[in-house]
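Student: Structure in structure tokens, see below.
The values are calculated or read from the model by the stated rules, or taken from the named source; none is laboratory data. All values reported here derive from a predicted model rather than from experimental measurement. Glycine gets a Cβ as well: all are built from the backbone with ideal geometry, and neighbour counts include every protein chain shown.
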There are 2 protein chains.
Amino acid sequence: MSNIYLSNYELNDALNIYFSNFDFKEKLEREEILTCESCGRVTSKAVYAKISYPFYNSSAMDGIAVKSEKTIGATEKNMIELYENEDYIVVDTGDPIPKGFDSVIMVEDIIKVKEGCVKIYKSVLPYENIRPIGEDIVQNTLILPSNHKIRAVDIGALLCGGVNSIKVYKKPKVGIIPTGTEIVEPALDLKVGDIIESNSRVFSALINEWGGEALRYDIVKDDYEKIKAAIIKAVDENDIVLINAGSSAGREDFTYSIINELGKVFIHGIAIKPGKPVILGKIKDKPVIGIPGYPVSAYIIMENIVKPLLEKYQGLLHDEGDIKEAVLSRRIVSSLKHLEFVRVKLGFVADKLIATPLNRGAGATMSLVNADGILKIPQNCEGLEAGSKVKVNLLKKTNEIKNTIVVIGSHDPIVDVVSDLLKKSDGGYSLSSSHVGSMGGILSLKKQECHIAPIHLLDMESGEYNIPYINKYLKGMDIALIKGVKRIQGFMVKKGNPYNIKDLRDVAELKLRYINRQKGSGTRLLLDYNLKKLGIDFSMISGYEREEFTHLGVAASIKEDDADCGMGVYSAAKLMDLDFIPVCSEEYDFAVPESYLEMPMIKKFIEVIKSEEFFKELDRLGGYDYLECGKIVKVRG
Amino acid sequence: MSNIYLSNYELNDALNIYFSNFDFKEKLEREEILTCESCGRVTSKAVYAKISYPFYNSSAMDGIAVKSEKTIGATEKNMIELYENEDYIVVDTGDPIPKGFDSVIMVEDIIKVKEGCVKIYKSVLPYENIRPIGEDIVQNTLILPSNHKIRAVDIGALLCGGVNSIKVYKKPKVGIIPTGTEIVEPALDLKVGDIIESNSRVFSALINEWGGEALRYDIVKDDYEKIKAAIIKAVDENDIVLINAGSSAGREDFTYSIINELGKVFIHGIAIKPGKPVILGKIKDKPVIGIPGYPVSAYIIMENIVKPLLEKYQGLLHDEGDIKEAVLSRRIVSSLKHLEFVRVKLGFVADKLIATPLNRGAGATMSLVNADGILKIPQNCEGLEAGSKVKVNLLKKTNEIKNTIVVIGSHDPIVDVVSDLLKKSDGGYSLSSSHVGSMGGILSLKKQECHIAPIHLLDMESGEYNIPYINKYLKGMDIALIKGVKRIQGFMVKKGNPYNIKDLRDVAELKLRYINRQKGSGTRLLLDYNLKKLGIDFSMISGYEREEFTHLGVAASIKEDDADCGMGVYSAAKLMDLDFIPVCSEEYDFAVPESYLEMPMIKKFIEVIKSEEFFKELDRLGGYDYLECGKIVKVRG
């Protein structure tokens, strides 16, 4: 149970130290393959043209090949007659120039006299309108240098230069060993305590993308001898070996000790977050790397250590990916102890690329799916202020980010439906949503972090939804409300309602396990309103402090018997097969700056939520009234 | 022999008209595949999580799971004793929380009393240090929408969300039919008139890169019925068919007529250059496209028509690639009649990204290899001035361009050798060279288009090489001369010197076919100097006007019996197995702005040309004296 991380090397130092232990130039084997199958492979030696291309003089025009000396003196007033075969031969573009002829007259410059005889009114110089030998490629010139990743267009030049087979590096073989007693294959039935093995599949896809050849081994239980045997086998069969231990001390000790027993560990612990507990070792002169188990840590190690390693192996320049400058929407605090990788959402809002940090927890595979980029905070930096300009490594294409509607605010299962329908629409737009509650959405609109904020905020005095909040919190902004749905809120309980809950009094009296939504969410405000109405103090609700961020999150906890009751929308209860006690109907709308209504992607958004296909999905989910869906209400003019 | 191009549609109009004839949403078949093999495929429907992940409450820390109510009131002064199994259970990060326990105390906050008994000095709240059910993924939430290209990280989230197989589109099958009587497979022995078939191999690689599945058919001779049969078969076996006709009228007539016989041609001719004579048709509701034969035209059609078509097919947003702003180094004139695609070289020179147009001829496969980007000149634009800011579609990665030494000037075979050795070096630097002659190199330095200009310019008055020219033409610039090689110039003649040439007098008297170098090249100046010395007028030299751009180009023409004599360096003659009559020794050096000497890639350049490996290559090539190679001479201080 003790912390065994020994070192805190800076990332670049660690890479330099580690890589200096290998002679990459000598490591990789070579093979000769067909040029037409070489796309994506890396040349292992310089490729020179074997022939010139074209390898004969050919016509650059449709016309006639002539002897240039016979054309001297031709003018409009003094036309010269030429006879076929003797004075000229008809040629098409690309045809070889027959022996004895040395230039070409374009078809447009010829007057036909009769069969086998033409007149010309222009002289030509020797080699005029001829594509000379080697115009494209000259024999013995360099087509590709060593260490060049072959592209589609390279194949064309290689074939024209007479290079029909080519020497390339063999793909570096990378063995991946997933370890852990609690780790199971995705296909098996799951029981409590099981952890699905997914990292090795992500690793394999990345390695193949980076030019390697991934070989994944079966899961090995936490047993020193078994792991050792697996490593010995993998080292024999591969150029590089990755061991995906968890980050608990026990298991890591195994990896560390085994590598040290069979070879040498150079570095154990790098000053990065996430990803610190990495092990960089060598067995039989081959790189062997212990990678932490958390998916995000593992991904950071893959990108920042395994990718450069594969590049070194193939003699490729480091591909730093696509880096764009963005404006940070929120303050980030970071430690001076490490280089931190922060996943961010990106959006083109009000003509600026805005970066909003995502959850920094290391365990979230969904955060890697949702992230649009990675922001690096250097080791000697305490953090970054909101509004500062930052460089972000993109995880998606710029054009994809430009065509993404950034939605921040209240959660409802219908947002996922809109996201899918948008993506299926002609425009191919994406929707990226963050669930921070209605008030969070309002603030995001104010800070210009998002295009659309879904909200459901009841003004208790007027009984009116949403508009009073916009008036109060978004003063001076021209906001439009795209009407959404009326939806039914209520209490979700297990199927059959075993505690026979009718309202919050039962929850308080029976001391049932309640699960709440986060502060600032409309649903939490609704709970507080109902508690107040019934005169129940929040301390009477056991679990009032437990916060979930989505309706489905609350529903999942009840379904898994981790809570007895929570508030949410009808559709969430239905999706999770729970019972539902209705409390009220509320208005879930989309607030948007009025000027954005003209953006093609916002127009498409409105089109989608007014479509029959969308209504059909709402009916399937249940509990929605879409009578006003897509109607525009301008909040100020 | 008549021009049959009928239409001149704008590119975007053509795409809109053409694509409107297909219902892409209905076209593509779907299949279910294993999630772990789905990287790069495109989802055909929305993917929702089948399970929550984690699907049980688990510990977020190494420590002990406790009942939170038993910890109430614990302080440093009032520690509470807990007993194993009854009050606590030891848990590692990720372990499930045992029934009856509801929070975790970190190992750091525990004091061990004895086996099975600990003291705590802090209370914990319910669910503190617990990773709740669905923290990462909640059941029934959207993991991926439809029409999403699956990435490595997506696979991790899918597997954790219980999605072990996934519905994707089948890859669109693209049949490629190469046609032409003169077209031959690369593997066969070549005879005059043969054209190597390389386009279909480039197409295949591009199609696979864009998510399609290429099926290449055998070459079909120019025969209406044979081409028709091939098209019928390909339409049956594929989703899309590409016919790679040449652009001569005869062959194109076939493609056009056959498509019109079997289906319908919508567009024949688009206002783009190169690539105008494209045919967009439909047979049996499938896209069938006739693509011009010139490699560059064909590539432009692939990028601008076939790629968007494949994207439409897969429901993907158009990937416009990486676009960067650059400064144009030279004026470009363009026609108002068409959108023109100009291949450019890019270089980071003096902190600016400089774009220099490449040869605009359509036939050059090497120009596609050498190009770093493509610049579009709109249809309504007459051209662009030097110095204007332009947007360039990159064909290489930014980082690769940043690490490329731009070399413009005189040609020598050793430049290829340096290029390869640089690429093999630790830095992984590239060298991109354009051969415009020594004077062209001097002007490029002046315009800051290049880093290095190789020159060999003899000042006839002083007998000194290079420095007088720098003094004269680069006034006010601090230039350093990186000394290169002394090399032997002379006349190249066919093996055995059949005309027994001794000097230029023989060339003039025997009226032999001479092949010259371009104006501004040092070798041409050397010829003129020698002609003058011998009192021979240039008009006496037959072929004086024939210009080649490289020593190897001249040598290739002599070897192929297309010329009898030309001037060049010894190594070129040796590479082409020609005889050589030495004329003089000259100094071939590298001019570079003095400030660039500190750039890491220029340092590496100097390191390379001082290396034993380089000298060995020079010895192999022959005719070089490298005694001073790599020495720095500052021309002004």
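Student: Quick one: how many residues across the stretch B:319-351 are exposed (fewer than 15 other Cβ atoms within 10 Å of the Cβ) and charged (D, E, K, R)?
Tutor: 5
Student: Is it the case that some residue within the stretch A:430-440 is crowded, with 24+ Cβ neighbours inside 10 Å, within 20 Å of A:M477 (Cα to Cα) and in contact with a helix residue (DSSP H, G or I) (Cβ under 9 Å, 6 or more places away or on another chain)?
Tutor: Yes: the stretch A:430-440 contains one or more residues that are crowded, with 24+ Cβ neighbours inside 10 Å, within 20 Å of A:M477 (Cα to Cα) and in contact with a helix residue (DSSP H, G or I) (Cβ under 9 Å, 6 or more places away or on another chain).
Student: Got at least one residue in the stretch A:47-67 being among the β-branched types (V, I, T), surrounded by 14 or more Cβ atoms within 10 Å (Cβ to Cβ) and farther than 30 Å from B:S571 by Cβ?
Tutor: Yes, the conditions are met somewhere in the stretch A:47-67.
Student: Another one. Find the residue count for the stretch B:398-413, including only residues that are more than 30 Å from B:G476 (Cβ to Cβ) and either among the acidic types (D, E) or over 20 Å from the mean Cα position of the chain (by Cα) (or both).
Tutor: The number of residues fulfilling the criteria is 2.
Student: Let me ask you something else. What single numbered condition from (1) touching a strand residue (DSSP E or B) at 6+ places or on another chain (Cβ under 8 Å); (2) within 14 Å of chain B (Cβ to nearest Cβ); (3) at pLDDT 90 or above fails to hold for A:A74?
Tutor: (2)
Okay, residues lined up against (1) in a loop (DSSP other than H, G, I, E, B); (2) of a type in the set (D, E, K, R):
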residue: B:M460; (1), (2): yes, no
residue: B:G463; (1), (2): yes, no
residue: B:I470; (1), (2): no, no
residue: B:M477; (1), (2): yes, no
residue: B:K486; (1), (2): no, yes
residue: B:K495; (1), (2): yes, yes
residue: B:K511; (1), (2): yes, yes
residue: B:L525; (1), (2): no, no
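Student: On to the next question. Would you tally the residues in the stretch A:186-221 being more than 11 Å from chain B (Cβ to nearest Cβ) and either polar (S, T, N, Q) or surrounded by 16 or more Cβ atoms within 10 Å (Cβ to Cβ) (or both)?
Tutor: Here the count works out to 6.
Here is a yes/no grid of residues against (1) more than 7 Å from every other protein chain (Cβ to nearest Cβ); (2) free of Cβ contacts under 8 Å to residues at least 24 places away in the same chain; (3) touching an Asp or Glu at 6+ places or on another chain (Cβ under 8 Å):
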{"position": "B:S103", "(1), (2), (3)": "yes, no, yes"}
{"position": "B:M106", "(1), (2), (3)": "yes, no, yes"}
{"position": "B:V118", "(1), (2), (3)": "yes, no, yes"}
{"position": "B:K122", "(1), (2), (3)": "yes, no, yes"}
{"position": "B:E128", "(1), (2), (3)": "yes, no, no"}
{"position": "B:C160", "(1), (2), (3)": "no, no, yes"}
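Student: Within the stretch B:576-600, track down each residue that is surrounded by fewer than 22 Cβ atoms within 10 Å (Cβ to Cβ) and within 14 Å of chain A (Cβ to nearest Cβ).
Tutor: B:D577, B:P600
Student: I've got another one for you. Only one of these is at positive phi, outside the structural domain of A:N208 (by TED's automatic domain parsing) and touching a residue at least 60 places away in the same chain (Cβ under 8 Å): A:G40, A:G73. Name it.
Tutor: Sole residue among the options that is at positive phi, outside the structural domain of A:N208 (by TED's automatic domain parsing) and touching a residue at least 60 places away in the same chain (Cβ under 8 Å): A:G40.
Student: In the stretch B:110-141, how many are part of a strand (DSSP E or B) and crowded, with 21+ Cβ neighbours inside 10 Å?
Tutor: 5
Student: Which residue out of B:V369, B:V417 is modelled with pLDDT of 95 or more, within 11 Å of another protein chain (Cβ to nearest Cβ) and farther than 17 Å from B:K324 by Cβ?
Tutor: None of the other options fit; the residue is B:V417.
Student: Could I ask something else about it? What number of residues within the stretch B:68-91 are in a loop (DSSP other than H, G, I, E, B) and surrounded by fewer than 19 Cβ atoms within 10 Å (Cβ to Cβ)?
Tutor: 9
Student: Tally up the residues in the stretch A:562-577 that are in contact with a Lys or Arg (Cβ under 9 Å, 6 or more places away or on another chain) and either more than 24 Å from A:G623 (Cα to Cα) or part of a helix (DSSP H, G or I) (or both), please.
Tutor: Residues meeting the conditions: 3.
Student: May I ask you to list the residues in the stretch B:95-109 that are under 11 Å from B:N57 (Cα atoms) and exposed (fewer than 13 other Cβ atoms within 10 Å of the Cβ)?
Tutor: Passing the criteria: only B:K99.
Student: Then there is this: Please go through the stretch B:265-299 and give me each residue that is in contact (Cβ under 8 Å) with a residue 60 or more places away in the chain and basic (K, R), ordered by number.
Tutor: B:K273, B:K276, B:K282
Student: Can B:V168 be described as more than 11 Å from chain A (Cβ to nearest Cβ), buried (at least 22 other Cβ atoms within 10 Å of the Cβ) and outside any loop (DSSP other than H, G, I, E, B)?
Tutor: Yes; evaluated as a whole, the condition is true for this residue.
Each row is one residue, and each column tells you yes or no for (1) over 16 Å from B:S557 (Cβ atoms); (2) of a type in the set (F, W, Y); (3) at pLDDT 95 or above.
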residue	(1), (2), (3)
B:F491	no, yes, yes
B:K495	no, no, yes
B:D503	yes, no, no
B:K511	yes, no, no
B:S521	no, no, no
B:L526	yes, no, no
B:F538	yes, yes, no
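Student: Something else now. Given the options B:I408, B:I401, name the one that is within 14 Å of chain A (Cβ to nearest Cβ) and not in a loop (DSSP other than H, G, I, E, B).
Tutor: B:I401
Student: Identify all residues within the stretch B:48-65 that are part of a strand (DSSP E or B) and out of contact with any Phe, Trp or Tyr (no Cβ under 8 Å at 6 or more places or on another chain); write none if there are none.
Tutor: Scanning the stretch B:48-65 gives B:Y48, B:Y53, B:S58, B:S59, B:G63.
Student: Something else: Taking A:L310, is it in contact (Cβ under 8 Å) with a residue 60 or more places away in the chain, over 21 Å from A:G440 (Cα atoms) and part of a loop (DSSP other than H, G, I, E, B)?
Tutor: no
Student: Something else about it: If I go through the stretch A:280-324 residue by residue, how many of them are within 14 Å of chain B (Cβ to nearest Cβ) and within 25 Å of A:S146 (Cβ to Cβ)?
Tutor: Residues flagged as within 14 Å of chain B (Cβ to nearest Cβ) and within 25 Å of A:S146 (Cβ to Cβ) within the stretch A:280-324 amount to 15.
Student: Moving to a separate point now. List the pairs whose first member sits in the stretch A:541-557 and is more than 8 Å from chain B (Cβ to nearest Cβ) and within 13 Å of B:N140 (Cβ to Cβ), whose second member is surrounded by 21 or more Cβ atoms within 10 Å (Cβ to Cβ) and of a type in the set (S, T, Y), and whose Cβ atoms are under 7 Å apart, counting only residues at least 6 apart or on separate chains?
Tutor: If the second residue must be surrounded by 21 or more Cβ atoms within 10 Å (Cβ to Cβ) and of a type in the set (S, T, Y), no pairs are left.
Student: Still on this structure: Suppose we keep only residues that are in a loop (DSSP other than H, G, I, E, B) and touching a residue at least 40 places away in the same chain (Cβ under 8 Å) within the stretch A:362-384. Which one would you say is surrounded by the most Cβ atoms within 10 Å (Cβ to Cβ)?
Tutor: A:D372
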